[in-house]
């Protein structure tokens, strides 16, 4: 168990493992997303209230989920880096940020495009929408804070601290639809009772969740490799690898 | 269901299709940007190695 843990913290191991995983994640993600899009757009029946506009959920919900998952991962990796001084944890934290931010933008814009025909407005200062927008600003804040330091180690620590403080926003986003009188509908899939969606609509959604998660994993592997190289440029294993 | 009917999305075409177009753009941007990030890091590491080599000789 501990040898595995130590290996995880070893940059050359991380660099090679990420390279091995990325193409498989990408392949399965491609299959799952292709199935999800075709089944979701063509075969799932229109919603009895929302008509075909409900089909936006197939990209909106996985994007929103990844925006929160990515932020939590960024904060947890940052905390591990701060507490145990593991450089690779900071590398993970840095690699996640732009990916998570991109899915936050996707979640916000698709939500807005759905809100126009369904709520009659592109935007409302609603608890769910506002807390998700704050999440986007937190991503930007963490990214620019890391970039603001000459010394990468200090940038890592500052970014990790901000990421950890900001993580309180994640449960606020998730529970905002229960705590306040939000326009946004409550949880459909991510809850403990039975899902309130019929199978013909649910299967493509689950496929999209799986596909988006694996795509996120593939992007994390690819970015992490760049992050590791940038941090380990002067080390002997990188030089040996480049000479070979 | 006709092809025209499919693209019309029951009148919601102007909301549904931009969502899917943006989703594809975000996925492609991620792919492009992650590849570029790694390629640039590789280039910088090679430059660092070349400089270290020239200092020694």
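The values are calculated or read from the model by the stated rules, or taken from the named source; none is laboratory data. The structure presented is a predicted model; accordingly, all values stated were derived computationally and were not measured. Cβ: placed from backbone, ideal geometry, glycine included. Neighbour counts: every protein chain shown.
A few comments on the model shown:
- Sole residue being outside any helix (DSSP H, G or I), at pLDDT below 95 and surrounded by 17 or more Cβ atoms within 10 Å (Cβ to Cβ), chosen from A:182, A:196: A:182
- Considering the range A:1-16, and only residues there that are assigned to a helix (DSSP H, G or I) and touching a residue at least 40 places away in the same chain (Cβ under 8 Å), the residue that is nearest to the other protein chains (Cβ to nearest Cβ) turns out to be A:15.
- Criterion (over 17 Å from residue A:231 (Cβ atoms) and buried (at least 16 other Cβ atoms within 10 Å of the Cβ)) met by exactly one of A:157, A:128: A:128
- Screening the candidates A:122, A:139, A:71, A:58 for the property of being within 20 Å of residue B:26 (Cβ to Cβ) and part of a loop (DSSP other than H, G, I, E, B) yields one hit, A:122.
- Residues in the range A:33-59 that are facing chain B (nearest Cβ under 7 Å) and in contact (Cβ under 8 Å) with a residue 40 or more places away in the chain were compared, and the one that is surrounded by the fewest Cβ atoms within 10 Å (Cβ to Cβ) is A:53.
- When the residues of the range A:110-123 are filtered to those that are surrounded by fewer than 18 Cβ atoms within 10 Å (Cβ to Cβ) and within 17 Å of residue A:64 (Cα to Cα), the one that is nearest to the other protein chains (Cβ to nearest Cβ) is A:122.
- Among residues of the range A:142-152, those that are in a helix (DSSP H, G or I) and either touching a helix residue (DSSP H, G or I) at 6+ places or on another chain (Cβ under 8 Å) or in contact (Cβ under 8 Å) with a residue 12 or more places away in the chain (or both), counted: 6
- Options A:29, A:95, A:77, A:63; residue that is over 30 Å from residue A:203 (Cα atoms), surrounded by 21 or more Cβ atoms within 10 Å (Cβ to Cβ) and within 10 Å of another protein chain (Cβ to nearest Cβ): A:95
- Scanning the range B:15-22 for residues that are more than 7 Å from chain A (Cβ to nearest Cβ) and within 30 Å of residue A:25 (Cα to Cα) turns up at least one hit.
- Flag if residue A:83 is away from chain B (no Cβ under 14 Å) and either free of Cβ contacts under 8 Å to residues at least 24 places away in the same chain or assigned to a helix (DSSP H, G or I) (or both): yes
- Selection of first residues in the range B:38-54 that are facing chain A (nearest Cβ under 9 Å) and of second residues that are surrounded by 15 or more Cβ atoms within 10 Å (Cβ to Cβ) and not in a helix (DSSP H, G or I), restricted to Cβ pairs under 7 Å at least 6 apart or on distinct chains, gives the following pairs, ordered by first then second residue: B:44/A:233; B:45/A:233; B:48/A:233.
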